[in-house]
Amino acid sequence: MENITELLKWRYATKRMNGEKVAPEKINKILEAAHLAPSGIGLQPYEIIVISDPEIKKKILPIAMNQQQIVESSHLLVFAVWDEYTKERIDHVFDHLILKQNKKPDSYANQRNFAKTFFGNMSIEENFHHAAKQANIALGLAIVAAASEDVDSTPMEGFDPAALDEFLQLSEKGLRSSMLLALGYRDQENDWNLKLEKVRKPFEEFVTFL
C-alpha cells in the first residue's frame with residue numbers, strides 16, 4: 001500500500017494542465033474510489049458527471065471563471081447532488097440494498113424510517129447542503145486516488161452553479177452541481193503553482209488534543 005502522506009505531498013492544486021489524456025483504466029479507478037466513499041446512512045446522495053468532450057468543456061469555461069484547467073484537463077468531473085431527499089429516493093436506496101444483500105423486505109425498516117423523518121424535517125436548502133457535504137467525502141477520495149495513479153487534480157468551487165445546472169440540465173434530474181474536479185497532467189513549464197512550496201498552517205494550530 002502506498003504511503004498516503006507522500007501522495008498528498010506530491011499532489012497540489014494544478015493550475016495549468018498539458019491536455020494529455022488520462023488512460024480510461026486510471027479514470028475508472030478514480031471513479032471507483034469515489035463510488036466506494038462512505039456517506040450518511042449509505043444514501044450516496046450525489047452523482048458524478050464525467051466530461052471529456054472538448055467542445056462541452058469549452059462551453060463550461062466561461063461558467064467556471066475562465067479557469068484554464070477546465071479545457072486543459074483530460075476529464076472534468078462534476079459532482080452533482082440531490083436537490084432534495086425525497087421518500088422515493090430513500091426507498092430506492094434501501095430497496096437496492098435489500099436486493100443486493102438478499103434480505104427480507106422489512107430489513108432496515110428503522111433506518112429507512114429514520115432517514116425519511118430526519119431529512120423530511122429539513123428544508124430543501126438544508127437537504128442540498130447536507131448532500132454537498134457527503135459528496136465532498138467522495139471528492140476527497142477521488143483526489144487521493146488520482147494521486148495514487150500519478151494523475152493531477154484540481155478541486156474547483158469557482159463556477160456559477162446555476163448556469164452550470166442549466167447548461168447540463170441537472171434540474172431535470174433533480175440534481176444541483178456542488179463541486180468540479182479537473183483531472184489531467186501538470187504543465188511543467190507554465191504552471192506557476194508547481195514551483196511553489198506547499199504550505200499549510202502549523203500543525204499545532206491545526207490539531208487540538210484533549
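The values are calculated or read from the model by the stated rules, or taken from the named source; none is laboratory data. Source: prediction; values computed, not measured. Ideal geometry is used to build each Cβ from the backbone, glycine not excepted, and the neighbour counts take in all protein chains shown.
I need the helices (runs of 4 or more DSSP H) fully contained in region 32-126, keeping only those with at least 3 residues that are surrounded by fewer than 16 Cβ atoms within 10 Å (Cβ to Cβ).
The qualifying helices (runs of 4 or more DSSP H) are 54-60, 87-101, 109-120.
What number of residues in region 141-161 are in a helix (DSSP H, G or I) and under 20 Å from Ala64 (Cα atoms)?
2
For region 162-182, check the following and say yes or no: at least one residue is part of a loop (DSSP other than H, G, I, E, B), farther than 25 Å from Gly19 by Cα, of a type in the set (S, T, N, Q) and modelled with pLDDT of 95 or more.
Yes, region 162-182 contains a residue that is part of a loop (DSSP other than H, G, I, E, B), farther than 25 Å from Gly19 by Cα, of a type in the set (S, T, N, Q) and modelled with pLDDT of 95 or more.
For Arg176, only one of the following conditions fails: (1) exposed (fewer than 12 other Cβ atoms within 10 Å of the Cβ); (2) among the charged types (D, E, K, R); (3) under 22 Å from Pro45 (Cβ atoms); (4) in contact (Cβ under 8 Å) with a residue 40 or more places away in the chain. What is its number?
(1)
Taking region 179-210, which residues are of a type in the set (Ser, Thr, Tyr) and surrounded by 10 or more Cβ atoms within 10 Å (Cβ to Cβ)?
Tyr185
Scanning for something of a type in the set (Val, Ile, Thr), over 19 Å from Val81 (Cα atoms) and in contact with a strand residue (DSSP E or B) (Cβ under 6 Å, 6 or more places away or on another chain), does region 130-152 turn up at least one residue?
yes
Counting just the residues of region 5-16 that are under 19 Å from the mean Cα position of the chain (by Cα) and not in a loop (DSSP other than H, G, I, E, B), which one comes out surrounded by the most Cβ atoms within 10 Å (Cβ to Cβ)?
Leu7
Assuming Gly158 fulfils every condition listed in (1) in contact (Cβ under 8 Å) with a residue 24 or more places away in the chain; (2) small (Gly, Ala, Ser); (3) surrounded by 14 or more Cβ atoms within 10 Å (Cβ to Cβ); (4) out of contact with any Phe, Trp or Tyr (no Cβ under 8 Å at 6 or more places or on another chain) apart from one, which condition is it?
(3)
In contact (Cβ under 8 Å) with a residue 40 or more places away in the chain, on the phi > 0 side of the Ramachandran plot and within 18 Å of the chain's Cα centre (by Cα): does that describe Gly19?
So Gly19 fails the test.
Quick check on Ile98: is it out of contact with any strand residue (DSSP E or B) (no Cβ under 6 Å at 6 or more places or on another chain), more than 22 Å from Ala138 (Cβ to Cβ) and of a type in the set (A, V, I, L, M, F, W, C)?
Criteria met by Ile98.
Please pick out the residue among Glu32, Glu2 that is at pLDDT below 95 and of a type in the set (D, E, K, R).
Exactly one of Glu32, Glu2 is at pLDDT below 95 and of a type in the set (D, E, K, R), namely Glu2.
Ala145 passes all but one of (1) closer than 26 Å to Pro38 by Cα; (2) exposed (fewer than 14 other Cβ atoms within 10 Å of the Cβ); (3) not charged (D, E, K, R); which number fails?
Checking Ala145 against (1) closer than 26 Å to Pro38 by Cα; (2) exposed (fewer than 14 other Cβ atoms within 10 Å of the Cβ); (3) not charged (D, E, K, R), the one that fails is (2).
Which residue out of Lys58, Lys29, Lys100 is within 18 Å of the chain's Cα centre (by Cα) and of a type in the set (Lys, Arg)?
Lys29
Please specify each residue of region 103-117 satisfying the condition of being in contact (Cβ under 8 Å) with a residue 24 or more places away in the chain and either under 30 Å from Ala146 (Cβ atoms) or more than 23 Å from the chain's Cα centre (by Cα) (or both).
Passing the criteria: Gln111, Phe114, Lys116.
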